[in-house]
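Asker: Structure below; questions to follow.
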Amino acid sequence: MLDHGDRFFAPSGAIDPGGPSTWHVIDWDQRRLVSVVMDEELDSEDPAFEHLLKYIDHLPPDVYSIHVTSDGELISASADPKDDETQCAFRPPVESLQIPDGIEIISRQDLEELDRLGPHVDMVVRPRSAEPTKRRYDMVWHEMSLWMRLPKHPNIVPFGSVVVDEIEGRLVGFTSVFIPGDTLDENKTRCFKLKWLHQLMAVVDELNLKYGVAHQDVAPRNLVIDEASDSLMIFDFNFSARIGRAGYCEARNDVKGVIFTMYEIITRNDRHRRVHHKEQDVSVIEAEEWVKHPDVLLDHPVSEFRAVLAAWSEKRRAGTQITKNTEATDPLEWPPLPDPPLTEMKYQNSGHEYTRMIKICWWRRNELLEKGQAVLNWQRSPSKEFQDWPLGRKIPQDKIKRPSTEK
């Protein structure tokens, strides 16, 4: 489930000199946006997160904004749609994805939520199916396009289905197979096996050299163990890119990622990755003595893990270098994200009004609703674990400002 530290994200806001400060805060648990207004000039969203956390689990679903004091006491809350800063994204038509044969398309309404795993990610199950899957709801075009085109592999978590909305059948996300047992970052009780390192190196070689793809986020949090096959599996391709193409960053190369990952598994020390990727110097940990954490279990000595890792990394560095994905033996390709349709926008200049047709990827929800357009409803009730949080506060009805019904 989500924890309080991962719940909020502020994509935008407004800070006036001397105040007030407004932060537009997304709550990943309820999938809603609430604006937090404070009278002070604040250059950080942290106070907004802290104060919203006191109210969010008891906030009526139609409240779009709260105004609080510097110590978090509620001044007022607004249920006026004019204060709704929620954005609706352009959703491409499903045919634009050019889905490979064998990939199923399912409707969002046919998925039943079992758990909320993180921002954008739920555990779900389909009717008449006992197998849970992971559902990702943000529209990551490249991750979905890449993952669905990877052939089935014993060390890659399988892609599941493409998910479309129930209104127009447009793309809203995808599912992947759920592998129980938690990630290597979450479950540290396992005895890590040398064969799992061999599997990780092999799947990275295949991604890089065969398919021309860089995962770019090889880390314990993105690795799981399939207990049925006793195999390591990699997942989460949201930072992945075709080598040498848009989104690719050499500072995030996968050889470096594997070395850092093994260092962190063995030592339980991640200090070398707490800096920007361009500042992460893998040669430092390659020259360092790796002291096994006393709680870590390995099926071979540290020296053997390091010898295998060093031989592989040296082979990769001395071997053929893929500088662009087309140099790989079987490069993956997929269509670009389609442009949104042109929208007529009105402008004024020196008292004259004119219109222009422009491409818009985001619209305010309240403006779409005013025009009578259908809008996807993403909002949901807070999870029970959060509703029972002892510090939660209810908002008195007399504090909520609602729009006037008078004409």
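Laboratory data are not the source of any read-out in this text; all were calculated from the coordinates shown. Computed from a predicted model, the values in this text were never measured in an experiment. Using ideal geometry, Cβ is built from the backbone for each residue, glycine included, and neighbour counts are taken over all protein chains shown.
Asker: Amide H neighbours of Ala241 under 5 Å, at least 5 residues apart or on other chains, H built in the peptide plane: list them.
Answerer: So Ala241 has HN proximity to Ala214.
Asker: Right, next: Given Cα pairs under 8 Å that are at least 6 residues apart, what percent is the relative contact order of the chain?
Answerer: Dividing the mean separation by the residue count of the chain yields 19 percent.
Asker: What's the local net charge at Thr69, with K and R +1, D and E -1, over the other residues with C-beta under 15 Å away?
Answerer: Within the 15 Å Cβ shell, the charges total -3.
Asker: FRET efficiency for Glu227 and Thr329, Cβ-Cβ distance as r, R0 = 45 Å, nearest 0.05?
Answerer: Between Glu227 and Thr329 the formula returns 0.90.
Asker: Let me ask another. With the contact rule set at Cα under 8 Å and sequence spacing of 6 or more, what percent relative contact order holds for region 191-327?
Answerer: It comes to 31 percent, rounded to a whole number.
Asker: Can you compute the helix-only [θ] at 222 nm over the chain? Use -39500 (n - 2.57) per DSSP H run of at least 4 residues, normalise by all residues, nearest 500 deg cm²/dmol.
Answerer: Here the helix-only value at 222 nm equals -5500 deg cm²/dmol.
Asker: Counting pairs of alpha carbon atoms under 8 Å apart in space and at least six apart in sequence, what relative contact order in percent does region 256-307 give?
Answerer: Working: 29 pairs, mean separation 20.8, N = 52.
The value is 40 percent.
Asker: At a Cα cut-off below 14 Å, give the aspartates and glutamates reachable from Lys384, other chains included and same-chain residues fewer than 8 away excluded.
Answerer: Asp3, Asp29, Asp57, Glu113, Asp115
Asker: Below 24 Å, Cα to Cα, which lysines can Lys359 reach? Residues fewer than 8 away in the same chain don't count.
Answerer: Candidates past the 8-residue exclusion: Lys82, Lys346, Lys371.
Asker: Could you tell me the ratio Rg/Rh of region 163-221? Both radii from Cα atoms, Rh via Kirkwood.
Answerer: Taking Rh as the inverse mean 1/r over Cα pairs, Rg/Rh reads 1.12.
Asker: Taking the Cβ-Cβ separation of Thr69 and Trp378 as r and a Förster radius of 45 Å, what is the calculated FRET efficiency to the nearest 0.05?
Answerer: Numbers: r = 30 Å, r/R0 = 0.67.
Taking R0 as 45 Å, the efficiency between Thr69 and Trp378 is 0.90.
Asker: For region 3-9, just list the computed ³J(HN,Hα) in residue order, Karplus coefficients 6.51, -1.76 and 1.60, θ = phi - 60°, integers in Hz, with x standing in for Gly and Pro.
Answerer: Values per residue, Gly and Pro as x: 10, 4, x, 9, 6, 10, 8 Hz.
Asker: Taking Cα atoms of region 28-97, Rg/Rh with Kirkwood Rh, to two decimals?
Answerer: 1.10
Asker: So, one more: What would the Debye formula give as log10 I(q)/I(0) at q = 0.22 Å⁻¹ for the alpha-carbon point model of region 191-327, no solvent?
Answerer: Here the Debye-derived log intensity ratios amount to -1.58.
Asker: Cut-off under 29 Å on the C-alpha distance; same-chain residues fewer than 8 positions from Lys292 excluded. Which lysines are left, in chain and number order?
Answerer: Counting by Cα, and skipping residues close in sequence, Lys292 has these lysines nearby: Lys188, Lys193, Lys195, Lys256, Lys278, Lys315.
Asker: Here is a follow-up. Under 1.5 on a/c is rounded, so check that first for region 295-407, then, if it is not, pick prolate when a/b is larger than b/c and oblate when it is not; a ≥ b ≥ c are the square roots of the alpha carbon gyration tensor eigenvalues. Display every interim value, and only then the final one.
Answerer: Details: a/c = 4.12, a/b = 1.54, b/c = 2.67.
It comes out oblate by the Cα gyration axes.
Asker: How would region 91-177 be classified by its alpha-carbon gyration tensor: rounded, prolate or oblate, with rounded meaning a/c under 1.5 and the a/b versus b/c comparison settling the rest?
Answerer: Rounded, because the longest to shortest axis ratio a/c is under 1.5.
Asker: Sticking with this structure for a sec: How much length is gained on full extension from Glu288 to Ala202, taking 0.36 nm per residue of separation minus their Cα-Cα distance?
Answerer: Length gained between Glu288 and Ala202: 28.5 nm.
Asker: Under the Kirkwood approximation applied to all pairs of distinct alpha-carbon atoms, what is the hydrodynamic radius of the chain in Å?
Answerer: 24.2 Å
Asker: Equivalent-ellipsoid semi-axes (√(5λ), Cα gyration tensor) for region 350-401, whole Å, largest first?
Answerer: 39, 17, 11
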